[in-house]
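Visitor: Just dropping this structure here.
The values are calculated or read from the model by the stated rules, or taken from the named source; none is laboratory data. Model, not experiment: these values are computed from the prediction. A quick note on method: Cβ atoms are made from the backbone with ideal geometry, for glycine too, and the neighbour counts reach across all protein chains shown. All accessible areas refer to the heavy atoms of the entire protein, side chains included, with ligands and DNA or RNA removed. Shrake-Rupley method; radii C 1.70, N 1.55, O 1.52, S 1.80 Å.
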Amino acid sequence: MNKEALWVVDFGSQYTLLIARRARELGIYAEIFPWNKLPEGLPKEVKGIILSGSYASVSQGPPLPEHWIGQRPVLAICYSAQWLAAHWGGAVTEGTSREYGPALLEVVEKDSPLWMGVPAYSQVWMSHSDTIATLPEGAKATARTQKIPYAAYEIPQSHLYAVQFHPEVVHTEQGETLLKNFLYSICGFSGGWRPENEVDGIISQLRQDMPEGEALCALSGGIDSTVAALLVHKAIGARFRGVFVDTGLMRRNEVQEVLAAYKAVGLPVDLIEAQSAFLEVLKGISDPEEKRKRIGHLFIELFEGVLKRHPAIRYLVQGTIYPDVVESGGSVSSTIKSHHNVGGLPTHLSLKLIEPLRFFFKDEVRALGKKLGLPASFLERHPFPGPGLAVRILGEVTPERIEKVRAADAIFLETLKARGWYNQTWQAFAVLLSQRSVGVGGDHRMYGEVIALRAVDSTDGMTASPTKIPYEVLLEAANRILAEVPDVTRVVYDISTKPPATIEWE
Ligand code: XMP
């Protein structure tokens with residue numbers, strides 16, 4: 001536990017992660033708890049509580065931890081504000097349709113500490129169907145909109161502040177001021193929390209968690225597993241056992257670049273050369289799920305081999321980050337994401353799982369990586385799936401087809417870097433389709449391969465939209481691919497959003 005913390009209770013709102021994010025951006029360590037998995041007591045470090053919104057309506061939704069109200073300042077958002085109104089002597093009307101979108105808010109109680117510095121009128125973001133009809137006992141209204149008279153209220157003697165809109169969403173113009181007022185003026189946080197200042201604390205915790213025995217860390221070449229490994233290596237030194245598998249399915253020069261980066265930061269990593277083993281298990285396989293399954297099994301076999309060679313291994317290090325924890329059932333707001341990360345080992349191996357990044361967001365992991373000495377070029381690399389190019393080759397994976405998609409991918413990424421677009425897109429890559437198409441080569445018709453280019457804007461990979469790369473840049477990449485990659489006669493650009501498409505093609 002940090003020296004001071006904000007607790008966020010999640011009732012299933014799609015915005016709960018954002019609440020914690022905003023608090024951390026304001027320099028305050030925030031932790032999320034699902035409403036049905038709350039800790040028993042309130043440690044003294046907890047200086048304030050935010051109760052989230054919910055997908056549910058007040059009549060059917062989960063109960064609030066009422067016993068905490070009065071013990072610490074509480075900010076109740078949307079559902080929570082309504083639930084309190086309904087259960088504390090006020091009333092809520094159930095709406096038949098959702099009010100969703102911007103609304104003009106008018107502050108009516110300018111002297112409230114929550115509203116300091118907030119102009120009389122500003123835009124807020126609404127997403128609710130229930131509405132407060134009567135305030136709870138002892139409450140006074142502090143803001144309204146044209147549609148709802150009690151857009152915000154407070155019960156000062158209980159240190160309870162409530163808003164029916166969403167201050168955590170960027171579309172609420174004064175959301176940051178409001179959260180700042182709550183956290184600093186009302187709760188009295190001193191602030192100054194920064195992820196990079198946590199490095200020493202994480203390392204000493206890791207030492208306590210791993211008193212003896214070795215730790216296996218399967219590195220993928222990505223940021224999360226690398227930062228997790230660096231922390232563990234700093235904590236336990238020679239007891240750290242890092243492995244990196246060359247699947248033969250990586251991007252061009254990637255294996256060398258990743259190993260060089262590990263070397264530069266002093267991370268000892270054993271290379272497992274398994275290119276031919278991966279080719280062997282993928283031989284003749286076109287079904288995407290079967291490909292993933294076989295790749296996953298082979299990874300496990302390889303790690304089991306490491307465990308046999310190093311019987312002192314007791315721990316398995318994984319680069320799980322906070323959104324993964326919350327999304328995979330640690331919280332109720334989960335839209336369960338299938339965790340396709342490699343490195344998961346069967347439970348019968350009874351290794352203790354070590355996840356040093358489980359309380360950090362992606363950009364915070366980058367900040368930790370920077371502090372630990374990882375170069376910017378490494379930290380800015382696009383995400384890459386564990387099964388590698390195998391899921392970017394539709395149909396059978398053969399050495400020739402790997403080489404084609406790798407060459408096209410390298411040209412696309414090179415072009416994006418040269419034209420200043422690499423860092424403006426979240427992820428970009430080439431896909432080799434299974435369907436051939438007609439083209440002309442010299443003076444004869446040929447039946448050539450098709451390459452699809454994909455570049456997406458996203459913040460977490462859960463949703464995505466195609467990056468609006470200028471036509472000239474796409475044309476430049478396409479022309480080079482057609483000229484330089486043998487047998488390719490057609491290049492297309494994928495303009496699908498996720499959902500319904502996924503980012504990868506398989
Ligand atoms: P999808 O295709 O599910 O991808 O929209 C979302 C993000 O996850 C990456 N991805 C994977 N990462 N192992 C991984 O480590 C996988 O099997 C895998 N499949 C997809 C994908 O590249 C994108 O960033």
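Visitor: Hey, does segment 399-419 have a residue that's of a type outside the set (A, V, I, L, M, F, W, C) and at positive phi?
Guide: Here is the first cut: in segment 399-419, the ones of a type outside the set (A, V, I, L, M, F, W, C) are 399-401, 403-404, 406, 409, 414-415, 417, 419.
Pick out the ones that are also at positive phi and you get none.
No, because not a single residue in segment 399-419 is of a type outside the set (A, V, I, L, M, F, W, C) and at positive phi.
Visitor: Taking the residues in segment 56-73 that are of a type outside the set (Gly, Ala, Ser) and under 21 Å from residue 130 (Cα atoms) as candidates, determine which candidate is surrounded by the most Cβ atoms within 10 Å (Cβ to Cβ). Outline the logic, then answer.
Guide: Here is the first cut: in segment 56-73, the ones of a type outside the set (Gly, Ala, Ser) are 58, 60, 62-69, 71-73.
Filter again for under 21 Å from residue 130 (Cα atoms), leaving 58, 60, 62-66.
On the way: 58: 24, 60: 8, 62: 17, 63: 10, 64: 20, 65: 16, 66: 12.
So the residue we want is 58.
Visitor: If a residue counts only when it is within 16 Å of the ligand (Cβ to nearest atom), which strands (runs of 3 or more DSSP E) contained entirely in segment 400-506 have at least 2 such residues?
Guide: Numbers: elements: 427-432, 437-441, 444-457, 488-493.
Result: 427-432, 444-457.
Visitor: Still on this structure: Could you please find all residues in segment 376-391 being away from the ligand (no atom under 16 Å from the Cβ), open to solvent by 30 Å² or more (accessible area, probe 1.4 Å) and either touching a Gly at 6+ places or on another chain (Cβ under 9 Å) or among the hydrophobic types (A, V, I, L, M, F, W, C) (or both)?
Guide: If the condition is that a residue be away from the ligand (no atom under 16 Å from the Cβ), open to solvent by 30 Å² or more (accessible area, probe 1.4 Å) and either touching a Gly at 6+ places or on another chain (Cβ under 9 Å) or among the hydrophobic types (A, V, I, L, M, F, W, C) (or both), then 376 is the only one that fits.
Visitor: Might you let me know whether segment 84-106 holds any residue that is assigned by TED's automatic domain parsing to the domain that holds residue 179, in contact with a helix residue (DSSP H, G or I) (Cβ under 6 Å, 6 or more places away or on another chain) and over 23 Å from residue 57 (Cα atoms)?
Guide: Residues of segment 84-106 that are assigned by TED's automatic domain parsing to the domain that holds residue 179, as a first pass: 84-106.
Still in the list and also in contact with a helix residue (DSSP H, G or I) (Cβ under 6 Å, 6 or more places away or on another chain): 92.
Subset that is over 23 Å from residue 57 (Cα atoms): none.
Taking every residue of segment 84-106 in turn, none turns out to be assigned by TED's automatic domain parsing to the domain that holds residue 179, in contact with a helix residue (DSSP H, G or I) (Cβ under 6 Å, 6 or more places away or on another chain) and over 23 Å from residue 57 (Cα atoms).
Visitor: Of the numbered conditions (1) away from the ligand (no atom under 16 Å from the Cβ); (2) part of a loop (DSSP other than H, G, I, E, B); (3) surrounded by 22 or more Cβ atoms within 10 Å (Cβ to Cβ); (4) not charged (D, E, K, R), residue 397 fails exactly one; give the number of that condition.
Guide: Against the list (1) away from the ligand (no atom under 16 Å from the Cβ); (2) part of a loop (DSSP other than H, G, I, E, B); (3) surrounded by 22 or more Cβ atoms within 10 Å (Cβ to Cβ); (4) not charged (D, E, K, R), residue 397 comes up short only on (1).
Visitor: Take residue 207 and tell me if it is over 30 Å from residue 431 (Cβ atoms), surrounded by 22 or more Cβ atoms within 10 Å (Cβ to Cβ), more than 16 Å from the ligand (Cβ to nearest atom) and not assigned by TED's automatic domain parsing to the domain that holds residue 44. Walk me through it before giving the result.
Guide: Details: over 30 Å from residue 431 (Cβ atoms): yes; surrounded by 22 or more Cβ atoms within 10 Å (Cβ to Cβ): no; more than 16 Å from the ligand (Cβ to nearest atom): yes; not assigned by TED's automatic domain parsing to the domain that holds residue 44: yes.
Answer is no for this residue.
Visitor: Which members of segment 110-140 meet the condition of being surrounded by fewer than 17 Cβ atoms within 10 Å (Cβ to Cβ), aliphatic (A, V, I, L, M) and in contact with a strand residue (DSSP E or B) (Cβ under 9 Å, 6 or more places away or on another chain)?
Guide: If the condition is that a residue be surrounded by fewer than 17 Cβ atoms within 10 Å (Cβ to Cβ), aliphatic (A, V, I, L, M) and in contact with a strand residue (DSSP E or B) (Cβ under 9 Å, 6 or more places away or on another chain), then 120, 133 are the ones that fit.
Visitor: Let me ask you something else. Six or more apart or on different chains, Cβ atoms under 8 Å: show the pairs whose first residue is in segment 344-369 and over 30 Å from residue 28 (Cβ atoms) and not assigned by TED's automatic domain parsing to the domain that holds residue 30 and whose second is open to solvent by less than 10 Å² (accessible area, probe 1.4 Å) and at pLDDT below 90.
Guide: Close Cβ pairs (under 8 Å, with a partner that is open to solvent by less than 10 Å² (accessible area, probe 1.4 Å) and at pLDDT below 90) do not exist here.
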